[in-house]
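For reference, the structure discussed in these notes is given below.
The values are calculated or read from the model by the stated rules, or taken from the named source; none is laboratory data. It should be emphasised that the depicted structure is a prediction, and the values quoted were computed from it without experimental measurement. Here the Cβ positions follow ideal geometry from the backbone for every residue, glycine too, while neighbour counts run over all protein chains shown.
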């Protein structure tokens, strides 16, 4: 990936666990050991993931009854509501990414392999600012998804799901 589009970092005053604990307290809830384990797993590395992938990572804890499946799903919703994760629907599944502590960025989405490529572009930010100014609009954030096929899928001749169904009908 070009360094020109590499993501930087955002300085935050609280860790994701501290921020989540604060969010829960504001709603009269507490940070249970299950929620703590889930948050630690989610923020142990930066990846796009769905609930099933997270459950796979937590499989041992689930087997030992330290974490339950319903709590995983509920906690993902709470992390999204707290602004720590951002939920996206891609290819018919809900995918999560870290939002807290990460800069505004956009995505290239391969419709063949579901790969997400993150990038940041000053040109896009400037364009958004110009359009917002033209419409007297105050921007709080933006989300851009560019869909298509990645280089690897094009090399392998993989088609998008929609073009495969068109081809099979033709």
Have a look at 120, 104, 111 and point out the one that is under 20 Å from the mean Cα position of the chain (by Cα) and more than 21 Å from residue 46 (Cα to Cα).
111
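Okay, residues lined up against (1) touching a helix residue (DSSP H, G or I) at 6+ places or on another chain (Cβ under 9 Å); (2) not in a loop (DSSP other than H, G, I, E, B):
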| site | (1), (2) |
| --- | --- |
| 36 | yes, yes |
| 54 | yes, yes |
| 61 | yes, yes |
| 65 | no, no |
| 70 | no, yes |
| 76 | yes, yes |
| 94 | yes, yes |
Restricted to the stretch 100-120, and to residues that are touching a helix residue (DSSP H, G or I) at 6+ places or on another chain (Cβ under 6 Å) and touching a residue at least 60 places away in the same chain (Cβ under 8 Å), which residue is nearest to residue 52 (Cα to Cα)?
100
In the stretch 129-153, anything surrounded by 12 or more Cβ atoms within 10 Å (Cβ to Cβ), more than 21 Å from the chain's Cα centre (by Cα) and under 26 Å from residue 96 (Cα atoms) is listed as 152, 153
State whether the residues of the stretch 18-34 include one that is touching a helix residue (DSSP H, G or I) at 6+ places or on another chain (Cβ under 7 Å), at negative phi and assigned to a strand (DSSP E or B).
no
Output yes when any residue across the stretch 40-50 is surrounded by 14 or more Cβ atoms within 10 Å (Cβ to Cβ), more than 29 Å from residue 20 (Cα to Cα), touching a residue at least 12 places away in the same chain (Cβ under 8 Å) and touching a strand residue (DSSP E or B) at 6+ places or on another chain (Cβ under 8 Å), and no when none is.
no
Are any residues in the stretch 38-52 part of a helix (DSSP H, G or I) and more than 13 Å from the chain's Cα centre (by Cα), and if so, which ones?
38, 39, 40, 41, 52
Here are some conditions: (1) in the same structural domain as residue 30 (by TED's automatic domain parsing); (2) farther than 24 Å from residue 30 by Cβ. Residue 51 meets all but one. Which one does it not meet?
(2)
Among the residues of the stretch 90-97, is there at least one that is modelled with pLDDT of 90 or more and surrounded by fewer than 17 Cβ atoms within 10 Å (Cβ to Cβ)?
yes
Under 9 Å between Cβ atoms, which residue pairs at least 6 apart in sequence (or on different chains) link something in the stretch 78-99 that is on the phi > 0 side of the Ramachandran plot with a partner that is assigned to a strand (DSSP E or B) and surrounded by 12 or more Cβ atoms within 10 Å (Cβ to Cβ)?
91/109
Restricting to the stretch 96-136, count the residues that are outside any strand (DSSP E or B) and farther than 14 Å from residue 147 by Cβ.
24
